[in-house]
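> Okay, here's the structure, questions in a sec.
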Amino acid sequence: MTKIVVVGAAGKMGRAVQAAAGERSDMTISATIDVDDDLGALATCDVYIDFSTPAATLAVACAAHATKTAAVIGTTGLGDAVEAAIDELAGVAPVVVAANFSLGVNLMLGLVRQAARALGPSWDAEVVETHHKLKRDAPSGTALAIAKAIAAGHGSDYDQVKRHTRDGDVGPRPRGEIGVATVRGGGVVGEHTAYFFGHDERIEISHRATSRDIFATGALVAAAWVVGKPPGRYTMLDVLGLPS
Ligand code: NAD
């Protein structure tokens, strides 16, 4: 029986993970952690699942480093300091990090990269994402992953070609630029579209999530997979056995 600690347990995803774990006979929630709770439970679980905030993800990754606890991390908008702490943890324990745990989105990343490689930068690539009005970070981690997959398909350096805001006299769109636009409202779970604009034609590759259950189920698949793996940083593509 795999023992799991849920971090961010009182949140929307934390509750979805606990509900999904209740459906599995091979896993048990040994403890839950939310704001100000003690992190001691990390020492006695097989793996922790974290959907919280970047500050919490940092604190928990540092604590898990001491206990070499395996991790599944879904928090987005992390920033360099948190990424560095996760890399430190991955030096001593296996860690799956994914901005999106759904099978569909991870398939989409491969499709988008393939399309970008085939079409090249003369087809203008743009990403549009829509989420519920409580989401804190923008663009979504998934939109960034899609945009980076396009850059990988083009063979370009994402930081050189990204455009996250357009406001005022921005001029003509440079060839190879990758735009990412954000929409916020209502209770939308998550929608992402990658556009490829040719001269007289357009391709759209879209994913729409209608329930958080897909992320919770995917995080549990990742948790079952990661326990016992060698230390290292893994993606959902590794978990699902999809080409990276
Ligand atoms: P939420 O605001 O509903 O929940 C966050 C929870 O973290 C809250 O209960 C909050 O009290 C808790 N928290 C805050 N500080 C904490 C601390 N120091 N220690 C422990 N817990 C703390 O948010 P949500 O919708 O559940 O999303 C959480 C994160 O997961 C966000 O970054 C979101 O973008 C991301 N997310 C990822 C995926 C994915 O598939 N990877 C899917 C959905 C959401």
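The values are calculated or read from the model by the stated rules, or taken from the named source; none is laboratory data. Small disclaimer: the values here were computed from a predicted structure and weren't measured. All Cβ positions, even for glycine, are placed from backbone atoms using ideal geometry, and neighbour counts span all protein chains on display. Areas reflect the complete protein model, heavy atoms only, side chains present, ligands, DNA and RNA absent. Shrake-Rupley method; radii C 1.70, N 1.55, O 1.52, S 1.80 Å.
> Does Asp38 satisfy the criteria of being modelled with pLDDT under 95 and not assigned by TED's automatic domain parsing to the domain that holds Ala181?
yes
> Right, here's the next one. Please go through region 35-44 and give me each residue that is among the hydrophobic types (A, V, I, L, M, F, W, C) and away from the ligand (no atom under 15 Å from the Cβ), ordered by number.
Initially, region 35-44 is screened for residues among the hydrophobic types (A, V, I, L, M, F, W, C), giving 35, 39, 41-43.
Of everything in region 35-44, just one residue is among the hydrophobic types (A, V, I, L, M, F, W, C) and away from the ligand (no atom under 15 Å from the Cβ), namely Ala43.
> Hand me the list of helices (runs of 4 or more DSSP H) wholly inside region 136-244 holding 2 or more residues that are within 16 Å of the ligand (Cβ to nearest atom) and open to solvent by 20 Å² or more (accessible area, probe 1.4 Å).
Because the criterion is at least 2 residues that are within 16 Å of the ligand (Cβ to nearest atom) and open to solvent by 20 Å² or more (accessible area, probe 1.4 Å), the helices (runs of 4 or more DSSP H) in region 136-244 that meet it are 141-154, 213-226, 236-240.
> Still on this model: Scan region 1-34 for residues that are without any contact (Cβ under 8 Å) to a residue 24 or more places away in the chain, within 12 Å of the ligand (Cβ to nearest atom) and either farther than 28 Å from Lys135 by Cβ or over 20 Å from the mean Cα position of the chain (by Cα) (or both) and report the count.
Residues that pass the stated criteria total 0.
> For the list (1) open to solvent by less than 50 Å² (accessible area, probe 1.4 Å); (2) touching a residue at least 24 places away in the same chain (Cβ under 8 Å); (3) among the small types (Gly, Ala, Ser), I need the number of the one condition that Gly91 fails.
Status for Gly91: all satisfied but (1).
> In region 58-78, which residue that is open to solvent by 40 Å² or more (accessible area, probe 1.4 Å) and over 13 Å from the mean Cα position of the chain (by Cα) is farthest from the ligand (Cβ to nearest atom)?
Only one residue tops the list, namely Lys68.
> Identify, from the list Gly120, Gly104, the residue that is open to solvent by less than 40 Å² (accessible area, probe 1.4 Å) and at pLDDT 95 or above.
Criteria check complete, one pass: Gly120.
> Please tell me if Ile29 is in a strand (DSSP E or B) and either touching a helix residue (DSSP H, G or I) at 6+ places or on another chain (Cβ under 8 Å) or modelled with pLDDT of 95 or more (or both).
Considered against the rule, which asks whether it is in a strand (DSSP E or B) and either touching a helix residue (DSSP H, G or I) at 6+ places or on another chain (Cβ under 8 Å) or modelled with pLDDT of 95 or more (or both), Ile29 comes out as yes.
> Residues that are farther than 24 Å from Lys229 by Cβ and of a type outside the set (Gly, Ala, Ser): list the helices (runs of 4 or more DSSP H) wholly contained in region 33-123 that include at least 2 such residues.
Where helices (runs of 4 or more DSSP H) fall fully within region 33-123 and carry at least 2 residues being farther than 24 Å from Lys229 by Cβ and of a type outside the set (Gly, Ala, Ser), they are 103-119.
> Any idea which of Val112, Val128 is within 30 Å of Ile178 (Cβ to Cβ), open to solvent by 10 Å² or more (accessible area, probe 1.4 Å) and away from the ligand (no atom under 16 Å from the Cβ)?
Val128
> In this structure, is Lys133 open to solvent by 20 Å² or more (accessible area, probe 1.4 Å), assigned to a helix (DSSP H, G or I) and among the basic types (Lys, Arg)?
no
> Taking region 45-57 on its own, how many of its residues are surrounded by fewer than 22 Cβ atoms within 10 Å (Cβ to Cβ) and either near the ligand (Cβ under 7 Å from one of its atoms) or polar (S, T, N, Q) (or both)?
Summing the residues that are surrounded by fewer than 22 Cβ atoms within 10 Å (Cβ to Cβ) and either near the ligand (Cβ under 7 Å from one of its atoms) or polar (S, T, N, Q) (or both) in region 45-57 gives 3.
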